[in-house]
Every structure is written in structure tokens, then in C-alpha cells.
Amino acid sequence: MFIEPIRYHSGWIEVICGSMFSGKTEELIRRLRRALIAKQKVEIFKPSIDNRYSVENIVSHNENEIRCTVIQSSQELLLLGQGIEVVGIDEAQFFDEGLVDAVQYLANRGVRVIIAGLDQDYLGRPFGTMPNLMAIAEYVTKVHAICAVCGNLANHSYRIANKEKNTILIGEKDKYEPRCRKCFFEGIHQKL
């Protein structure tokens, strides 16, 4: 069996992380639009589980949107990302563990990979593949929302839908609000 040697190129990985309502998708769209203005070959992906606003678009809370391809697994990135200069990925926390290897493969072959996702789940724990993606990225941008309780910088997604205990609960302002550390943990302790 012949194994192709890896030829490293000038690709890299950028991660945009933070809580809900912090502008992650907005920043992802901004970076991808700039790549399109530069006439780069861009492909954008999101997981099939994220159908909040649109099936065929990535949409920010401010209703900015950009066309994307919906995929079921990270392996599809390798098939659909061929011949592309920039790959955008939204809601990375919902992808399988293979996402880390897939984006490494793309970056090693000269692709700029821009990833956005929640860095913490509703209990304040590292979420999905995000910690590993942040570890391998050349650039990490942490964005913040404004606490819905006190107005300080928020970096937690507080679940206001009390009955749901699953880690993954797709929702919007009806299920989550941004909170600072103090207000987040006060809310968690009140629920106990």
C-alpha cells in the first residue's frame, strides 16, 4: 500500500469561540465575506443538527447570512473541501471527534480553516471538539456577549429551559441567555 507523504503548505486554523449571543457566527461571516471579496475559493459548512434559522444558510442572531453546505459528519469536509482555499465551519461543537483530524488535514494542505463554536456547554464545561480545536489552532478569538442579568461581559450560555437535561438542546433566546461568571453560577446554584 502506498501512503502519500504529507506536503505542508501555508494553511492554518482559526477558531472563534464564546457563549451564545457573543457574535461568533457574525465574525465567521465577516471573515468569509472578506475571503470572497479577495476572490478566494470558499466553502462553508454547518452540521445538519443546526436548523434554527435556515437549512441552506449560516445565519447570525443579527440575521446576517451566508450560503453553506449542510453535512452529517466531519469526513464530508474532506470530500467537499477539495480545491478550496478557505473553509468555514459553524457550530463546530456539534461535530464528531473526527473534525480535529479533518481540519488538520485541510490546513496541512494549504487551506485556511475558520471555525466558530461554543467553547462551553450549558453547565460551563468544555464543549465537544472545541477544546481540541482551540489547542491546534494558530489563532483563537474569544468573543463575549453582555450578561442578561447585570450587564457585564458574559462568557457563559445559561439555560433558562429548566426541564431539559440533555447537553445538546438547540435553541435561541427562548432557551438560553448570556451570563457573566457570577450570574451564571448563581443561577446554577438556584436550580440545585
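The values are calculated or read from the model by the stated rules, or taken from the named source; none is laboratory data. Here the structure is a predicted model, which means the values were calculated and not measured. Because the Cβ atoms are built from the backbone with ideal geometry, glycine has one as well, and the counts that use them run over all protein chains shown.
Can you pull out the residues in the stretch 62-83 that are exposed (fewer than 13 other Cβ atoms within 10 Å of the Cβ) and modelled with pLDDT of 90 or more?
Listed by number, the list holds a single entry, Gln72.
Six or more apart or on different chains, Cβ atoms under 9 Å: show the pairs whose first residue is in the stretch 10-26 and farther than 17 Å from Gly88 by Cα and hydroxyl-bearing (Ser, Thr, Tyr) and whose second is assigned to a loop (DSSP other than H, G, I, E, B) and modelled with pLDDT of 95 or more.
Partner pairs satisfying both residue conditions: Ser19/Asp119; Ser19/His144; Ser19/Asn155; Ser22/His144; Ser22/Asn155.
Do we find that Leu118 is surrounded by fewer than 21 Cβ atoms within 10 Å (Cβ to Cβ) and either touching a Ser or Thr at 6+ places or on another chain (Cβ under 9 Å) or at pLDDT below 95 (or both) in this structure?
Spelling it out, it is not the case that Leu118 is surrounded by fewer than 21 Cβ atoms within 10 Å (Cβ to Cβ) and either touching a Ser or Thr at 6+ places or on another chain (Cβ under 9 Å) or at pLDDT below 95 (or both).
For the stretch 121-145, which positions are in contact (Cβ under 8 Å) with a residue 60 or more places away in the chain and surrounded by fewer than 21 Cβ atoms within 10 Å (Cβ to Cβ)?
Leu123, Gly124, Met134, Ile136, Ala137, Glu138, Tyr139, Val140, Thr141, Lys142, Val143, His144
Please indicate, with yes or no, whether at least one residue in the stretch 168-188 is surrounded by 15 or more Cβ atoms within 10 Å (Cβ to Cβ), among the small types (Gly, Ala, Ser) and modelled with pLDDT of 70 or more.
Within the stretch 168-188 (the criterion being surrounded by 15 or more Cβ atoms within 10 Å (Cβ to Cβ), among the small types (Gly, Ala, Ser) and modelled with pLDDT of 70 or more), the answer is yes, since at least one residue qualifies.
Can you tell me which residues in the stretch 31-47 are farther than 18 Å from Phe94 by Cα and either in contact (Cβ under 8 Å) with a residue 12 or more places away in the chain or touching a Phe, Trp or Tyr at 6+ places or on another chain (Cβ under 9 Å) (or both)?
Across the stretch 31-47, the qualifying residues are Arg31, Leu32, Arg33, Ala35, Gln40, Lys41, Val42, Glu43.
For the stretch 121-139, indicate whether the set of residues that are at pLDDT below 95, of a type outside the set (Ser, Thr, Tyr) and not in a loop (DSSP other than H, G, I, E, B) is non-empty.
Checked against the condition, which is being at pLDDT below 95, of a type outside the set (Ser, Thr, Tyr) and not in a loop (DSSP other than H, G, I, E, B), the stretch 121-139 yields no hits at all.
Kindly indicate whether Ser54 is under 13 Å from the mean Cα position of the chain (by Cα), among the small types (Gly, Ala, Ser), over 20 Å from Thr129 (Cα atoms) and at pLDDT below 95.
No: the conditions fail for Ser54.
Is it the case that Thr25 is touching a strand residue (DSSP E or B) at 6+ places or on another chain (Cβ under 9 Å) and at pLDDT below 90?
Criteria not met by Thr25.
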